[in-house]
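Asks: Structure below; questions to follow.
Every read-out reported here was derived from the displayed coordinates using simple, explicitly stated rules and does not represent laboratory data. Everything quoted here is computed from the prediction, not taken from an experiment. Virtual Cβ from ideal backbone geometry, glycine too; neighbours counted across all protein chains shown.
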Amino acid sequence: MSGKPVTLYRFRLSGHSHRVELFLSLLGLPAEVVEVNLGKGEHKTAAFLEKNPFGQVPVIVDNGFTLADSNAILVYLASVYDAERRWYPVDPAQAAAVQCWLSVAAGPLLMGPGYARLVGIFNAKHDMARAHGTARQLFEVMDAHLRIRTAFLVGALPTIADVALYTYTAHAPEGHISLEPYPAIRAWLHAMESLPGFVPMARTEPGFGHSR
Ligand SMILES: N[C@@H](CCC(=O)N[C@@H](CS)C(=O)NCC(=O)O)C(=O)O
């Protein structure tokens, strides 16, 4: 570890950004946070597009290495800074199980609870009924999976799979999705929130951005 802080470009209401902020904190890594105001289009400026041509947060810069995409960042940080590879196991079957959940985070988690939240707080143009259907299907699978596991998604200890799935699951109620029917998910969220170094993302009132 160089001791030099990792620079994190983020937006404070972005769950993808929080995913990285949470992991930096769980690893105890010093970070310099640079706020990118999506409302003002700061993610589409030439300077930001040089860091990520997709014009999205989060992005990190670590010792001169620039990397976008929250899941890629989790893989990188775990590979570089977790010498014991507790967060991203080396065992092929466990590593593959982690990758499965990272795909879920980039797929149904985003298109279900993620999109529903965007409609709920920003009135985004996504199909709310479809997002709720995707979320229901996902949460039923997750709840059943967590019931037959110990506390976490892959084995007994938390991995980057849990970090990737945490934020948009915890904030599903901002998209008018109740977590009440999913006791195993609620227990898992509690286990995540009890980890040393856990940091929450700001809660957003439904309707927050509707008039902006
Ligand atoms: N696959 C990307 C998705 C990131 C993403 O969707 N970021 C949103 C904020 S949560 C963003 O920057 N949206 C602005 C835009 O797409 O123009 C990741 O995992 O980091």
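Asks: Which condition from (1) crowded, with 18+ Cβ neighbours inside 10 Å; (2) under 30 Å from Pro5 (Cα atoms); (3) within 11 Å of the ligand (Cβ to nearest atom) is the one that Leu77 breaks?
Replies: All conditions pass for Leu77, except number (3).
Asks: Can you work out which of the residues in the stretch 35-67 that are surrounded by fewer than 14 Cβ atoms within 10 Å (Cβ to Cβ) and assigned to a strand (DSSP E or B) is farthest from the ligand (Cβ to nearest atom)?
Replies: Only one residue tops the list, namely Phe65.
Asks: Can you run down the residue pairs with Cβ atoms below 6 Å, 6 or more apart or on separate chains, where the first is in the stretch 3-14 and surrounded by 15 or more Cβ atoms within 10 Å (Cβ to Cβ) and the partner is of a type in the set (D, E, K, R)?
Replies: Val6/Asp62; Thr7/Glu32
Asks: Find the residue count for the stretch 83-99, including only residues that are away from the ligand (no atom under 16 Å from the Cβ) and part of a helix (DSSP H, G or I).
Replies: Here the count works out to 6.
Asks: Moving to a separate point now. Given the conditions (1) free of Cβ contacts under 8 Å to residues at least 24 places away in the same chain; (2) closer than 16 Å to Thr66 by Cβ, which single one is not true for Ala31?
Replies: Answer for Ala31: the failing condition is (1).
Asks: Being more than 13 Å from the ligand (Cβ to nearest atom), closer than 20 Å to Glu180 by Cβ and touching a Ser or Thr at 6+ places or on another chain (Cβ under 6 Å), is that true of even one residue in the stretch 112-123?
Replies: Looking for residues that are more than 13 Å from the ligand (Cβ to nearest atom), closer than 20 Å to Glu180 by Cβ and touching a Ser or Thr at 6+ places or on another chain (Cβ under 6 Å), one finds at least one in the stretch 112-123, hence yes.
Asks: Here are some conditions: (1) in contact (Cβ under 8 Å) with a residue 60 or more places away in the chain; (2) in contact with a Ser or Thr (Cβ under 7 Å, 6 or more places away or on another chain). Leu102 meets all but one. Which one does it not meet?
Replies: Of (1) in contact (Cβ under 8 Å) with a residue 60 or more places away in the chain; (2) in contact with a Ser or Thr (Cβ under 7 Å, 6 or more places away or on another chain), only one is false for Leu102: (2).
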